[in-house]
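The structure appears right after this line, and notes come after that.
The values are calculated or read from the model by the stated rules, or taken from the named source; none is laboratory data. Since we're looking at a predicted model, the values are computed, not measured. Backbone-built Cβ (ideal geometry, glycine too); neighbour counts: all protein chains shown. All accessible areas refer to the heavy atoms of the entire protein, side chains included, with ligands and DNA or RNA removed. Shrake-Rupley method; radii C 1.70, N 1.55, O 1.52, S 1.80 Å.
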Amino acid sequence: MTKDAPAGLPRLLPASDAALLVVLGEGPSEEATEAVLALLAELAARPPRGLVDLRPAYASLLVVFDPRTTTHAELARAVEPLFPPPGHPLAPAARCVEVPVCYEGDCAPDLADVACGAGLSPEEAAELHAAAPYRVAFLGFSPGFAYLLGLPSPLATPRLAAPRLVVPAGSVGIAGGQTGLYPRATPGGWRLVGRTPLALFSPSREPAALLAPGDAVRFVAIPRREFDLLHRERP
Amino acid sequence: MIRVLVPGLLTTVQDLGRSGLGAFGVPIGGAADAHALRLGNLLLGNDEGAAALEATLVGPELLFEEAAVVALAGAPFGAQLDGVPLPVWEAVKVPAGGRLAMGRAFSGTRAYVCVRGGLDVPSVLGSRATDVATGFGGLDGRPLRAGDRLSVGTARGEPRGRRVDAAAARWSGPRRRLRVTRGPQGDWFREDVVEAFLSRPFRVSASSSRTGVRLEGKPLAAPTRSLVTEGVVAGAVQVPPAGLPIVLLVEHPSTGGYPKIGSVISADLSALAQLRPGEEVRFARVSFEEARRLFLDREARLGAPGVFLP
């Protein structure tokens, strides 16, 4: 482990007999995302023997391996020299994806509540949400579900007390300080402030996920009519 | 072609799943009891990961329009071929026009209908497995329906034998006690809570799925600290605030925010997938070294002589 890492970071934890968890930060932050993305890129470019899967999150990277060909110790030896130096700011994004979002009517059932909490009108809250620059920290939970960094703090709102049984695909949600995009209709407790007509995950498309870890995201507010049009046109 | 006469409760095309897409939130998926699928395929001379049908509790009825060689693997379902009982773990010739009625599981939950040559459905993101939750892969991304037709691929190898040795077949059987290693948040749980987890019986909930096995019983005291969402693996024993554990199965979300008290070992993941709703299960702690040894033992025996008998 690197000697100058603060507060025992990075930490290596066996997560199962076939997985090693690399903890790179104590919580969501741009520095943690930078470290996760850097290690993800290194391991994806030069996969160590026995690597099965890489599962990034806000402040950790789970390395899934085949116990037939490697061990926790061997992987630790492969990963440790790749530990990114701590405290690096988030590097500029390799690409920026524009995501049209309708912040109106039934596309945004919780916008009024979120706006109220911020002391804003719904229109002002939508403007604030759309104007902020975002970065994809990681994709998780379900295929193509993007967790974004960059939610303006006035918009942070706790989850719903009772999750919805169905959140429509494309919904833009807020949960505490997190904001993210639902690729498919699932149950969910995030506050819904808008909806994109784009398909966030389409298995027949290459790549299947619209967004990738590290992408910059810019939301573009669109009126309901345009949402309906784009939604109909999507494959 | 194989025609689906009756689809059964949840019958899907599965192989060994798609790995390497975790960074896009895509689970590995595939056969819940991967070991059974591998044994069935190897018996028939297929690649171990050839696509087969996964039946769940209540199996399908299938009409083979052409002759085929099949092997049933996993839970015993009381299957019949043209009215004659069809044993599990045996390679059997099905004549053209043969009707296979899978029946119902009388122990365990999942059985595999492996076909010599494998099922020929398009590969999506590197696998023929059906992702039931998201709805892609397999046959149009969904469980089978009556009237569906499935193509059989071209056989590449010769069958390895006529049946699977009984001892090898038992690896995929249900276990009363699943072995677990310490979870990544194992030390977040009070010592008496870990002890309760390792001594208390839990009951398998009817709301279990390919995503996870939900347990019922006396709740465990969950840690009060909140966890930053992190990557998770099949076998992870999550303890949500309500205290009833959820053990992740093959189609689990790639990340999760509940603390994990343990992880079911790789050698017991098949047994986990075979737990039936209402059944009782207990957990026993093993070290990471022991877990690894048990898995390597089982894998070594898969390739050992005597697994496939004439």
Q. Could you work out Rg/(2.2 N^0.38 Å) for the range A:96-233, with Rg from alpha carbons only?
A. 0.95
Q: Positive end of the charge dipole of chain A (Lys, Arg +1 and Asp, Glu -1 on Cβ, about the Cα centre): tell me which of A:Val36, A:Pro143, A:Pro10 has its Cα farthest that way.
A: A:Pro143
(Q) Could you tell me what a quarter of the Cα convex hull surface of chain A works out to, in nm² with one decimal place? (A) 13.9
(Q) If I take R0 = 45 Å and measure r between the Cβ atoms of A:Ala44 and B:Ala196 in this structure, what FRET efficiency does the formula 1/(1 + (r/R0)^6) give, to the nearest 0.05? (A) 0.65
Q: Pop out the Kirkwood hydrodynamic radius of the protein assembly as shown from its pairwise C-alpha distances, inverse of mean 1/r, in Å to one decimal.
A: 24.4
Q: Using a 10 angstrom cutoff on alpha carbons, build the Gaussian network for chain B and name the most mobile of B:Pro240, B:Pro76, B:Pro143.
A: B:Pro240
**Q.** Debye intensity ratio I(q)/I(0), log10, the range A:11-82, q values 0.11, 0.14, 0.20 Å⁻¹ (C-alpha model)
**A.** -0.23, -0.37, -0.74
Q: Loop sites only, by DSSP: take the trypsin sites (Lys or Arg not before Pro) in chain B that have at most 15 other C-beta atoms within 10 Å and name the longest stretch containing none of them.
A: B:1-144
(Q) Per residue, how big is the convex hull of the range A:72-117 when only Cα atoms are used? Give it in Å³. (A) 232
Q. Relative to the first principal axis of the alpha-carbon coordinates of chain B, what is the inclination of helix B:34-44, with its axis defined by its Cα atoms, in degrees from 0 to 90 and to the nearest 10?
A. 20
(Q) Need one number: nm distance between label points at B:Val58 and B:Val6, each 7 Å from Cα along Cα→Cβ, rounded to one decimal. (A) 0.8
Q. What dipole magnitude, in Debye to the nearest 20, does the range B:171-310 give about its Cα centre under +1 on Lys/Arg Cβ and -1 on Asp/Glu Cβ?
A. 260
Q) Taking a Cβ-Cβ separation under 4.7 Å as the criterion for a possible partner, which cysteines of chain A have none? A) A:Cys96, A:Cys116
(Q) Can you tell me the orientation of helix B:288-302 relative to chain B, as the angle in degrees between its alpha-carbon axis and the longest Cα principal axis, to the nearest 10? (A) 10
Q | Charge context of B:Ala304, other residues only, Cβ under 11 angstrom, K/R +1, D/E -1 | A | -1
**Q.** Per residue accessible area in Å² of the protein assembly as shown, where ligands, DNA and RNA are left out and the probe is 1.4 Å
**A.** 40
Q | Rotationally averaged projected area of the range B:60-178 (alpha carbon convex hull; nm²) | A | 8.8
Q. Going from the alpha-carbon gyration tensor of the range B:16-99, what semi-axes, largest first and in whole Å, does one get by taking the root of 5 times each eigenvalue?
A. 27, 13, 12
Q) For chain A, what does -39500 (n - 2.57) per DSSP helix run (n ≥ 4), summed and divided by total residues, give at 222 nm, in deg cm²/dmol to the nearest 500? A) -6500 deg cm²/dmol
Q.
Charges on Cβ only, +1 for Lys and Arg, -1 for Asp and Glu, centred on the Cα centroid of the protein assembly as shown; of B:Phe197, B:Val233, A:Gly173, which one is farthest towards the dipole's positive end?
A. B:Phe197
Q | Lys/Arg +1, Asp/Glu -1 at C-beta; the protein assembly as shown dipole; positive extreme among B:Val250, A:Ala208, B:Met1 | A | B:Met1
Q: On a 0 to 90° scale, report how tilted helix A:224-233 is relative to the longest principal axis of chain A, with both axes built from alpha carbons and the result rounded to the nearest 10.
A: 60
Q: Please compute the net charge surrounding A:Gly117, taking Lys and Arg as +1 and Asp and Glu as -1 over other residues with Cβ under 15 Å from its Cβ.
A: -1
Q. If Lys and Arg each add +1 and Asp and Glu each add -1, what is the summed charge of the other residues whose beta carbon sits under 11 Å from the beta carbon of B:His252?
A. +1
Q: From the C-alpha gyration tensor of the range B:177-302, pull out the three semi-axes of the equivalent ellipsoid (sqrt of 5λ each), sorted largest to smallest, in whole Å.
A: 21, 16, 15
Q) In the P(r) worked out for chain B, what percent of Cα pairs fall beyond 29 Å? A) 35
